[in-house]
Amino acid sequence: MTNFKIEDIELRNTDSKNLEMSVSVAPDGLSFCLYHRSENKFLALGHLAEYNTPELQQEWFVNSSEAKHDYLSVRLVVCTARSLIVPAAVFREASCESVFDLHFGDHQGYRVMWHHLRKTENFCVFAIEENLFASIQKKYQRVIWMNQASPLIENNITRLRLNSEKPAHTIHVNMYSDFFDLMCCSGDKLLLYNSFRFKSANDIVYFVLSVFEQYRLNQESTHVIFSGIIEKDNLAIIKLKKFISLVYFESRNSAFNYFYKFQDIQSHHFYNLLNSVECE
């Protein structure tokens, strides 16, 4: 994805202390948005592909014009395949590091963190590079830390619970440059959440169809919905449509207002980042 920045002219007359900034740090780069809660409106959105390492992302927080302001709150969405879901019944904060190490190896140089997924009563355990964590924590008075699982799971579970005509099964796939997250729901209940690394379109097709096989899902009635960094003519989408009848792309959340230039951005591209404003 190429670099871009769009911002409403209203920003010039808006006190930053009335705005909330959400930032995602990912292998794809750094993305940010500015949200005015009292107006329920997104005023800015940007993406910087070259800020794709912890060192460069730390530099953005030091030097960028967006990061210098004093905001009402700041959300950090840490996008990484090294994350896992732990049921609340067995979650213990004191054991987060050992649980992380058990799944992903030594966390040396990284800060292991967690975020409560209240809608499903789970916790997401993840890690962020230690120096990046320290610089952000020092810069802002209030930082809300989360993994990309939080907006994906929390928002979609909420929508399913409000939908009286929800499908029997739904799969949500959120894409990054070298991994994707997949959540599978039965009605409004979370069956599966996992991250998968991939190198080709065939890998994506294989993992999605494996979930169909594992849970014996109906290929005619199960909805598969894509979001994140993937184009509508991607080879994986073309191949999946040969096996699955209902393959869609995520639409923009109609609960929010948007600066009109948002219409120039495909609605599924920054779905997780924008919906992070509903996660606390």
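The values are calculated or read from the model by the stated rules, or taken from the named source; none is laboratory data. In this text, all values refer to a predicted model and were calculated from it rather than measured experimentally. Cβ: placed from backbone, ideal geometry, glycine included. Neighbour counts: every protein chain shown. Ligands, DNA and RNA are stripped out before the accessible areas are found, and what is left, the full protein with its side chains, is counted by its heavy atoms. Shrake-Rupley method; radii C 1.70, N 1.55, O 1.52, S 1.80 Å.
Which of the residues that make up region 15-45 are farther than 26 Å from Glu59 by Cβ and open to solvent by less than 30 Å² (accessible area, probe 1.4 Å)?
Scanning region 15-45 gives a single hit, His36.
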Query - Within region 189-217, considering residues that are charged (D, E, K, R) and not in a strand (DSSP E or B), the one nearest to Ile237 (Cα to Cα) - result: Asp203
Query raised in the report: Taking region 238-257 only, how many residues are closer than 15 Å to His268 by Cβ, in contact with a strand residue (DSSP E or B) (Cβ under 6 Å, 6 or more places away or on another chain) and open to solvent by 60 Å² or more (accessible area, probe 1.4 Å)?
Result: 1
Report summary line: The helices (runs of 4 or more DSSP H) lying wholly within region 70-167 that contain at least 3 residues that are without any contact (Cβ under 8 Å) to a residue 24 or more places away in the chain are 96-104, 130-139
